[in-house]
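Worksheet: one structure, shown below.
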Amino acid sequence: MIGKNIRQPQMFIPGDIADFVPPGHILKRVDAVLDLSWLESEVAHLYCADNGRASIPPECAVRLMLAGFFAGITQDRKLMREAQVNLAMRWFAGYNLTDTLPHHSSLTRIRQRWGAETFRRIFTRTVAQCIAAGLVNGDTVHIDATLIRADVSWESLSGKWMDDTLTENPGPKPEDHTPPPMGGKYKKRRNKRKRSRTGKLKKRSVTDPDATLTTSKQSFRMEPSYKQHTVVDDAAGVIVDVEITTGEDSEGVRLMHTIDRVQATLGDPVARVTADAGYAHSANYAALEQRGIDAVIPPQKTGRTGSTMPACRFKYDAKHQCVRCPRGKKLTRRTRAKNGWVYRAPAAVCGRCRLRAACVPQTAKVRTIFIADGHQALLRARRRRARWDSATINWYARHRWRVEGIHGEAKQQHGLRRAARRGMANVQIQAYLTAAAINLKRLAVSLRRVLAAMEALVRPSIAFSRKIHTAAGSVRPAGYCPARGCRTAKIAA
């Protein structure tokens, strides 16, 4: 045993850097389907043609970012440290062993210069490739939203904005300094602060004002977050649309805008939409019915709230535009709200009603009922939910593992659980690149299946030709296996 000098330097390394990357590596499989040849001309107007230092090739920069997302690395510093020693990342981005990698701050400047719209076009290009490969049919789409934790600390949360503070507290006035009368006291001034629906002060982060406090479940505490609205095609799990909003935005309000973008991307109308109960708004049911789209959306449960009679005991008469109470009395339309009408009963009727104690709240004089726009469509959706067939139940089950599985994959494997940078534009770029990485994986898998199918078609023809060659009287080579049509290392006797 003479050992080995592991520190012996080498002047030359034989072969190409691609020879050291395994054939089944994810970056090597994605490289076969990734096409960024159009990108340089797309961003050429953002660079100076005859002044300044040489820029980083746009395709190399995007490939570096995508390589980090495939490895679950979202931070630029960590990405460049990994790319310095990772041969697969170097080869995927187009850098040799002797090439100097760009500084991590260059990636930040590139994102700022290009903007979120350029990265959105990169994502839509992957969607177009998936459509051309037959991975998207556009018949059924699954829509859901998930929260992305903002990159802020709890110490950065403030109950008031600085501008609001200066506006509401402009400073002491001259009359405020006058001394009080003998034996008098100063009156305490109350600051009018913006409060949330729960009555607590509405807090925002001073380091990332776009992030808002929200939670996905009442049992969880509220955190500064963003909300990602995702649309997944049912055929192969391809992401066809991604949108980032603040955490407090309602996903149900943005449903029809999302469908409009999806139809513009696919070029054809959508036949079926699945979503959870967060999208079960009466206006959404009415709009989907008007467009002829099958809505697989379970309505929210209607139960008894508080000590008053539930609103489901009141019958809505759309023909006469009135509401009937359980005793048959009429509630007429009074006030127009943002998304519906408020119906109110006469004070004389509620005053002598024997159900007043169980119907009218103690703080009110009469009973009021709010009827949202599209209420009839909501009633039809509730009746349909009571008799869902097996096919509809199956579609909703596919929604659970299709789109929620995409969210789990993006957070667990690609670092989307927490925002890597601050600001709405940076979070949008992160979401676009994550969705593009997931779609490229679907493309790589489809290409692999196509190659396997072609190999399966070619293999029987090779075995058939060898069989004819052997039947003609030729001598079989040593180690030839008739069943497999190839040489084997050893044939059992």
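Quickly run through segment 7-33 and pick out the residues that are under 12 Å from ARG448 (Cα atoms) and part of a loop (DSSP other than H, G, I, E, B). Across segment 7-33, the qualifying residues are PRO23, GLY24, ALA32, VAL33. When we screen ALA133, ALA128 for residues that are out of contact with any helix residue (DSSP H, G or I) (no Cβ under 7 Å at 6 or more places or on another chain), modelled with pLDDT of 90 or more and surrounded by fewer than 18 Cβ atoms within 10 Å (Cβ to Cβ), the only hit is ALA128. The residue list ALA83, ALA61, ALA49, ALA67 contains one member that is farther than 19 Å from TYR432 by Cβ, in a helix (DSSP H, G or I) and not assigned by TED's automatic domain parsing to the domain that holds LYS411, which is ALA83. Looking at segment 4-46 only, could you name the residues that are closer than 22 Å to LEU433 by Cβ and among the charged types (D, E, K, R)? Residues satisfying the conditions are LYS28, ARG29, ASP31, ASP35, GLU40, GLU42. Evaluate the following for THR368: is it of a type in the set (Val, Ile, Thr), out of contact with any Gly (no Cβ under 9 Å at 6 or more places or on another chain) and either within 22 Å of ALA287 (Cβ to Cβ) or without any contact (Cβ under 8 Å) to a residue 12 or more places away in the chain (or both)? It is false that THR368 is of a type in the set (Val, Ile, Thr), out of contact with any Gly (no Cβ under 9 Å at 6 or more places or on another chain) and either within 22 Å of ALA287 (Cβ to Cβ) or without any contact (Cβ under 8 Å) to a residue 12 or more places away in the chain (or both). Give the number of residues within segment 375-399 that are more than 20 Å from GLY340 (Cβ to Cβ), among the aliphatic types (A, V, I, L, M) and in contact (Cβ under 8 Å) with a residue 60 or more places away in the chain. So the answer is 0. On the stretch given as segment 266-295, residues that are of a type in the set (S, T, N, Q) and surrounded by fewer than 17 Cβ atoms within 10 Å (Cβ to Cβ) total 1.
Here's the yes/no breakdown for (1) modelled with pLDDT of 55 or more; (2) surrounded by 15 or more Cβ atoms within 10 Å (Cβ to Cβ); (3) farther than 22 Å from ALA410 by Cα:
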{"position": "HIS142", "(1), (2), (3)": "yes, yes, no"}
{"position": "ILE148", "(1), (2), (3)": "yes, yes, no"}
{"position": "SER158", "(1), (2), (3)": "yes, yes, yes"}
{"position": "THR165", "(1), (2), (3)": "no, no, yes"}
{"position": "PRO170", "(1), (2), (3)": "yes, no, yes"}
{"position": "ASN191", "(1), (2), (3)": "no, no, yes"}
{"position": "THR198", "(1), (2), (3)": "no, no, yes"}
{"position": "PRO209", "(1), (2), (3)": "yes, yes, yes"}
{"position": "LYS227", "(1), (2), (3)": "yes, yes, no"}
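Could you please give the count of residues in segment 107-120 that are under 16 Å from the mean Cα position of the chain (by Cα) and surrounded by fewer than 20 Cβ atoms within 10 Å (Cβ to Cβ)? Residues flagged as under 16 Å from the mean Cα position of the chain (by Cα) and surrounded by fewer than 20 Cβ atoms within 10 Å (Cβ to Cβ) within segment 107-120 amount to 2. Being of a type in the set (A, V, I, L, M), in contact (Cβ under 8 Å) with a residue 12 or more places away in the chain and surrounded by 16 or more Cβ atoms within 10 Å (Cβ to Cβ) is a description that does not apply to LEU355. Here HIS229, HIS257 are screened, and the one residue that is in the same structural domain as THR140 (by TED's automatic domain parsing), closer than 19 Å to VAL427 by Cβ and touching a Ser or Thr at 6+ places or on another chain (Cβ under 7 Å) is HIS229.
The values are calculated or read from the model by the stated rules, or taken from the named source; none is laboratory data. Computed from a prediction, not measured in an experiment: that's the story for all the values here. Note that each Cβ is placed from the backbone with ideal geometry, even for glycine, and that neighbours are counted across all protein chains shown.
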